[in-house]
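J.: First the structure, which I've put down as structure tokens, then a few questions once you've had a look.
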Amino acid sequence: MKYIAWLLKAAIFFTLFAFALNNQQDVTVHFFFGTQWTAPLVLVVLAAFAAGLAIGALGMVPRWLAHRRAARLARDEANASTLMGPQTRAGNPHGL
């Protein structure tokens, strides 16, 4: 299984390497207010991919922080309940 994983990684690497070699033509990206950027196509694709990863990661941050906060509160409540010991409800001596 380890060799199959290495073969898959090598196939992906050589496919991306061939893509980079086949797309070395210069392209011009036009931005607002007349600004432009001229670079090889493979760099433009790589920059767009990296920007998408960064925007996706930044979009996950608020939800990630909320989950961390909820986990911390749940852990604190669990620690507080174990420190207080077993509690029984009024009228139910067995705690059920």
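J.: Could you tell me whether any residue of the stretch 39-53 is in contact with a strand residue (DSSP E or B) (Cβ under 8 Å, 6 or more places away or on another chain) and not in a helix (DSSP H, G or I)?
T.: The answer is yes, given that some residue of the stretch 39-53 is in contact with a strand residue (DSSP E or B) (Cβ under 8 Å, 6 or more places away or on another chain) and not in a helix (DSSP H, G or I).
J.: Search the stretch 57-83 for residues that are hydrophobic (A, V, I, L, M, F, W, C) and pair each with any residue that is at pLDDT 85 or above when their beta-carbon atoms are under 8 Å apart and the residues are at least 6 apart or on different chains.
T.: Going by the 8 Å Cβ cut-off, there are no qualifying pairs.
J.: Okay, next question. Could you check how many residues of the stretch 23-57 are surrounded by 11 or more Cβ atoms within 10 Å (Cβ to Cβ) and polar (S, T, N, Q)?
T.: Here the count works out to 1.
The values are calculated or read from the model by the stated rules, or taken from the named source; none is laboratory data. Everything quoted here is computed from the prediction, not taken from an experiment. Glycine also receives a Cβ, built like all others from the backbone with ideal geometry; neighbour counts cover every protein chain displayed.
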